[in-house]
Every structure is written in structure tokens, then in C-alpha cells.
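In what follows, a single structure is set out as C-alpha cells and then discussed.
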Amino acid sequence: MKDIILIGGFFETVELCEICGFNIIGIIDSAYKNTFAGYKVIGDDSDAPDIYRKHPYIPLIIAPDQPLARKRIVKMYREIGFHFETLISPKAFISPSAKIGEGVLVQSFCNISSNVILGDFVKLNTYANVMHDCIIGDYTTIAPNAVLLGTVKTGERAYIGAGSTLIQNNTIGSGSIVGAGAVVTKDVEDNVTVIGVPAKKYEGNK
């Protein structure tokens, strides 16, 4: 079994590590003391330099869903010297022609179709369906049951909500959020939230 360190106490990520055959030697998380899900909590972000000195060759798994949080964590821990592991469920389907970046997490029952490119630190949750020739930007999260039809592109740090559908040939801008259940029929600009069927820009409570 390959040793890893998990950043973030998330049960679903712990279970993914287990079914992938990884040995969690510790979890880094300020919200828990002593143990989480039966594994030792070895500190928080402030302890990272000491943890690296003790375990310089053990890779990290980055668990949080929020793209900005993952980006911050990666920057901090990479500067310390850590490297990162990609984690793909044996129950996911990955096309042989797909390209998978560093630090990617793919949960069970996801589908990654032909010629898909997943950037670094992308996270796909259960039953996410990414069809042919999609390009997914770094740090993007794709929530459960989201469907991305052919040749969809996302910028980095996008969040694709649960049960949403992205119609083919559309682009989701960097930092943008697609709400749960939305149907995206046209391009989405950077740093906006879209909701509804068809998806429209959310303007807040005006």
C-alpha cells in the first residue's frame, strides 16, 4: 500500500483513499483533534513544515471541494516542498485517450470520455459525466450527477453544480459557478453565477 497524507477531513475522500488501496498515515485539519474516521490527525496548516521534515517523500491528497481553497492549499504546501497524488476510483470509467493532470480526484461511477483533458487538481464527484473532447481547467470542481456534453470548456476554479447540464460547445469562465440543476445553453463569462433552465446570470436579491 502506498502511504499518503490527506488534507481535509472528508469521509468520502477517506473512503476513496481506502478503495484505491492507499494507506493514510495522517490527516491535516484544524477542525478535528486526535483522530478523524479512525485516522490520526497530525496537525493543521501551521504544522506543515514540521510534517514535511518528518515525511518529505509522502504525497498529499487535497480533499476540500471549494476550488479557491484547493488552490491556496496547493500553493502553500508546494512552497514547503510537498508533492501531490492523483486519486481515481477503480469504479470510475476513464477513456484511454483522456489526459489527467496532477492531484486530480475522481470519485466512483464518474465517466470521463474520449479525448477529455482534466487540468491539475480537478475534482469530480460521484456520477459526474464528462463527455468527449471537454477541457476542464485547473482546480475546477464537478459536483455529483453533473453532465458536460461534448467540447465543453471550463476556465480554472469553476464550480459545476450537482445535476447541472452543460450543452455542447459552451465555455464556462474562470471562477464561475453553475448552480445545481441548471442547464447551460450559452457561454458563461468569468466570475459569475448562473442558475435556472436555461441558465441565466444570478443577480442576487435585488
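State log₁₀ I(q)/I(0) for the range 69-143 at q = 0.16, 0.17, 0.27 Å⁻¹ as given by the Debye formula over alpha-carbon point scatterers of equal weight, solvent excluded. With one equal scatterer per Cα and no solvent, log10 I(q)/I(0) is -0.53, -0.59, -1.26.
Normalised by the number of residues in the range 2-80, the average gap of Cα pairs under 8 Å and 6 or more apart makes the relative contact order 33 percent. Site pair Lys91 and Glu189 shows an inter-label distance of 4.2 nm when each label is modelled 7 Å from Cα along Cα→Cβ. With contacts taken as Cα pairs under 8 Å at a separation of at least 6 residues, the chain carries a relative contact order of 11 percent. Can you tally the net charge around Gly8? Count Lys and Arg as +1, Asp and Glu as -1, for every other residue whose Cβ sits under 13 Å from the Cβ of Gly8. Once positives and negatives cancel, what remains is -2.
Every Cα-Cα pair in the chain was counted, and those over 29 Å apart are 26% of them. The angle between the Cα long axis of helix 67-80 and the longest principal axis of the Cα atoms of the chain comes to about 40 degrees, rounded to the nearest 10. Neighbours of Gly175, meaning other residues whose beta-carbon lies under 12 angstrom from its beta-carbon, give a summed charge of -2 when Lys and Arg score +1 and Asp and Glu score -1. If the segment from Ser114 to Ser46 were pulled out straight at 0.36 nm per residue, it would be longer than the present Cα-Cα gap by 20.3 nm.
Other residues whose C-beta falls under 11 angstrom from the C-beta of Pro67 contribute a net charge of +2, scoring Lys and Arg +1 and Asp and Glu -1. Label sites at Asn34 and Ile80, each approximated as a point 7 angstrom past Cα along Cα to Cβ, lie 2.4 nm apart.
In percent, how large is the relative contact order of the range 91-193, given Cα pairs closer than 8 Å and 6 or more residues apart? Mind showing how you got there, number by number?
Numbers: 360 pairs, mean separation 17.5, N = 103.
With pairs under 8 Å counted, the relative contact order is 17 percent.
Under 16 Å from a label point set 7 Å out along the Cα-to-Cβ vector of Glu102, the amide N atoms of the range 127-159 belong to 138-140. Between rounded, prolate and oblate, where does the range 2-80 land on the alpha carbon gyration tensor, with a ≥ b ≥ c its root eigenvalues, rounded for a/c under 1.5, else prolate if a/b exceeds b/c? Because its axes are fairly even, with a/c under 1.5, the range 2-80 counts as rounded.
Laboratory data are not the source of any read-out in this text; all were calculated from the coordinates shown. This structure is a prediction, so every number in the text was calculated from the model and none was measured. As a convention, Cβ positions derive from the backbone with ideal geometry for all residues, glycine included, and neighbour counts pool all protein chains shown.
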